[in-house]
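Derivation of every value follows stated rules applied to the coordinates shown; laboratory data play no part. The model shown is predicted, which means the values in this text are computed figures rather than measured ones. Note that we place each Cβ from the backbone using ideal geometry, even for glycine, and neighbour counts take in every protein chain shown.
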Amino acid sequence: HFAVSSYIKNGSEREKALELQLFEMDFMRKLSFLVFLLCVLISLKKENAETKKGFPNRIWPASDSASSILETPPWMSRPGTLEYDFYRESCPQAEQIIRSTVRRFYRANPNAVPALLRLLFHDCFIEGCDASVLLDPADGVDSEKDSPPNETLKGFNLIDVIKSELEEVCPGTVSCADIVVLAARESVALAGGPFYPLQTGRRDSYRSFLEAAAYQLPSPQDNLQETIAKFASRGFNERETVGLLGSHSVGTIHCKFILNRLYNFGGTDEPDPTMDIEFLNHLRSTCNNSNASFSSSPSPSPSPSPSPQEPGVEMDYGGKESDFGTLYYRNLLQARGILYVDQQLTAGEETENWVRAYASDISLFRLDFARAMMKLSNLRVLTAPTGQVRVSCRKVA
């Protein structure tokens, strides 16, 4: 206690709190892998003993040991080619550089967290985690950045800074795809979510996939069936889908993506009847017809911040001190989901059961979220000799 107190003795109250948080995170990361394994063992034991009525049966690997969680699962495109600490010889400082740089971004602007997390989803969901979303338009390259769902994406400049710092230390070594997944992991931890182990060794795509990005990303206007179908197309079951949407605990929703729910749901000139009335009035006080325009442009996840001219609603409007995930699910149970796609999770029996489970058991959510993020980060990865390691994340080498 004395050592920690001395460590944060100087600085403002906000800086003290942040420095303490980062100090503790450093210590916890040293034990993170062991803790993760212990959580898996506890989860499996709990699964066998669980008798709570109304909760779905656990569907993560039914195994009597934790080893199966670390084996190469079927949704990885090239089994055995990613490794833990892949850059241990070629660039041993890589993960530390990414970690410290993301922290620097966070100190300057906490909105860096949802920006980096959102980049991961938009990259990995389209043709896998290959950094294709980072490519700028060029001869022969139709950029995913130009697709409607990606119009509000931010964080590209943050990836550029991380890449630049890595290039100074280890030229042509660390892929942009690995930067995206590792930066997102750091963002989750800074937001109060779980730290999870990641393999590395991904390579970068030569292509961008504009058409796929335009039509295959989940939309905030999707109903439950559409959401389940889109995530199922990437290998995620209903439990994993509910867990991954817990990432909507952070970020800002532009009003244009919810105005239809507030004023003209389904073309009825009425609000969404499933919304809590008090919450409806709260959202209308921020988002009204005079300061925002209707839009059907899809955006699967919260933007880091709205433009000065465009109002928005904070996803953690109920209090930033709340645990990552818990508040999100509790709000859904109270008909206070901001996005239609989120509130729809309570429209199905199994998905609602998982919403209830995560709202009441933060440990269960953190474990499931970590597993799902590991799975997302490994979707259809490129590994040597396929793909490349870009020198600039914005253009093919």
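With r as the distance between the Cβ atoms of Asn109 and Val169 and R0 = 35 Å, compute the FRET efficiency 1/(1 + (r/R0)^6) and round to 0.05.
Values: r = 24 Å, r/R0 = 0.70.
Given R0 = 35 Å and the Cβ-Cβ separation, E is 0.90.
Among 81-94, 231-244, how do they line up by average Cβ neighbours within 10 Å per residue, starting with the highest?
Going from most to least packed, we get 231-244, 81-94.
What does the charge count near Asp146 come to, summing +1 for each Lys or Arg and -1 for each Asp or Glu among other residues with Cβ under 11 Å from its Cβ?
Values: positive: Lys145; negative: Asp136, Asp142, Glu144, Glu151, Glu211.
Net charge in that neighbourhood comes out at -4.
Sort 113-119, 351-357 by packing, meaning the average of other beta carbons within 10 Å per residue, with the highest value first.
Working: 113-119: 26.9, 351-357: 20.9.
By packing density, highest mean first, the sequence is 113-119, 351-357.
Would you please put 325-333, 124-132, 270-278 in order of how densely packed they are, using the mean number of other Cβ atoms within 10 angstrom per residue and starting with the highest?
124-132, 325-333, 270-278
For region 187-214 and region 342-357, what is the centre-to-centre distance using only Cα atoms, to the nearest Å?
Using only Cα atoms to place each centre, the spacing works out to 26 Å.
Using amide H atoms built in the peptide plane, which far-off residues or other-chain residues are under 5 Å from Thr200 H to H?
Glu83, Tyr84, Asp85, Phe86
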